[in-house]
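Below is one structure, written out as structure tokens, with a few remarks after it.
What follows is calculated from the coordinates using simple rules that are stated; it is not laboratory data. Since the model is a prediction, treat every value here as computed from it, not as a measurement. All Cβ positions, glycine included, derive from the backbone under ideal geometry; neighbour counts span all protein chains shown.
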Amino acid sequence: MKPELTIYLAAPRGFCAGVDRAIKVVEIALEKWGAPVYVRHEIVHNKYVVDGLRDQGAIFVESLDDCPDDRPVVFSAHGVAKSVPEAAKKRNMIYVDATCPLVSKVHMEAERHFQNGLQMIMIGHEGHPETIGTMGQLPDGAVLLVETAADVAKVQPDNPERLAFITQTTLSVDDAAEIIAALQARFPSIIGPHKEDICYATTNRQASVREIAPKIDALLVIGAPNSSNSKRLVEVGKTSGCAYAQLVERATNIDWRAISHARAIGITAGASAPEVLINEVLEAFRVRFTLKVEIVETAVENISFKLPRILRAPA
């Protein structure tokens, strides 16, 4: 007799519109120009997705220097520094920018503030491709990075009266709020974005975890170890009172011993994790337990983004 288990399945979960668009960009580029198509950095942070595109003929590289001049190159959903498309133009390369439009919005915001004579403070994770791409929209020194509220005390702007802030789109909503409060306390005249920089998908997925956390003994977040938004979901689970919250790439990574005493488990997925991996995890639970699955829906997402113009034009 299998033990009984309730699974609270978070909704929304998994793919967001920016990830969906980025994957389509690579697939359509392969249809349009044939293989190989080069992709600078993982198109999205998920091994299953990347391996699937590699099987179709995508070649993933970390630098434009690793791409030949005569094959198309796609820039990842995380965005790239301005110098990257400039270098591609100089080499007469065909390039397709799959940057998420919500990341591009932050880029334009930074550009506008800079043109208005403001120095930027970016709230983000050092070394993350989105942070590198956003800071790379402006000249060196024009953007100062803070990762924590404690960093705010150490930051040394050129003029404390002429500042604006932007954020990485995949931050913890709570952490960002704490850092923004510290910035506003130290620099009362700092200008913030018209509309939240943290994207709708990040906000929605974190809200659904907060909703299910009180009902569960353990939380599994399906996502890659290099996925910022997935890691934030684990943190949100823990801060919302879930004693055990774990990031798993797929069913084979589940630590069954750690959750053996759980009677209610929450499952969600980061914005770059496909539904096929969520179904795989549910199937692994069905083998071991008599399951009752409850969907906890906290928002409905119906956003979609247009493909880049170069892919809409005939070959």
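Taking the charge dipole of the chain about its Cα centre, with +1 at Lys and Arg Cβ atoms and -1 at Asp and Glu Cβ atoms, the residue from A77, A185, A153 reaching farthest to the positive side is A77.
A straight Cα-to-Cα reach below 26 Å connects K32 with the lysines K24, K47, K82, K89, K90, K306, residues fewer than 8 places away in its own chain not being considered. Roughly how many Å is it from the Cα centre of the stretch 58-103 to that of the stretch 282-315, as a whole number? Using only Cα atoms to place each centre, the spacing works out to 27 Å.
Entry note, the stretch 17-100: relative contact order of 34 percent, from Cα contacts under 8 Å with a spacing of 6+ residues. Note on D20, D140: ascending count of other Cβ atoms within 10 Å places them as D140, D20, the fewest first. With the alpha-carbon atoms of the chain aligned to their principal axes, the span from lowest to highest coordinate is 66, 54, 30 Å, starting with the largest. Based on C-alpha pairs under 8 angstrom that are at least 6 apart in sequence, the stretch 119-206 has a relative contact order of 33 percent. As a proxy for reagent exposure, ranking H113, H128 by other Cβ atoms within 10 Å from fewest up yields H128, H113. Exposure proxy shown here: for L282, L5, the number of other Cβ atoms within 10 Å sets the order, fewest to most, as L282, L5.
Defining a contact as two alpha carbons under 8 Å apart and six or more residues distant in sequence, what relative contact order in percent does the chain show? The value is 27 percent. What you get for the chain, charging only the Cβ of Lys and Arg (+1) and of Asp and Glu (-1), is a dipole of about 520 debye around the Cα centre. Semi-axes of the equivalent ellipsoid of the stretch 173-266 are 31, 14, 11 Å, computed as sqrt(5λ) over the eigenvalues of the C-alpha gyration tensor in descending order. With viscosity 1.567 mPa s and temperature 4 °C, the Kirkwood radius over alpha carbon pairs of the stretch 205-315 converts through Stokes-Einstein to a diffusion coefficient of 85 µm²/s. Which value results for Rg/Rh of the stretch 101-186 when Rg is the Cα radius of gyration and Rh the Kirkwood radius based on the inverse mean 1/r? We get a ratio of 0.92 for the stretch 101-186.
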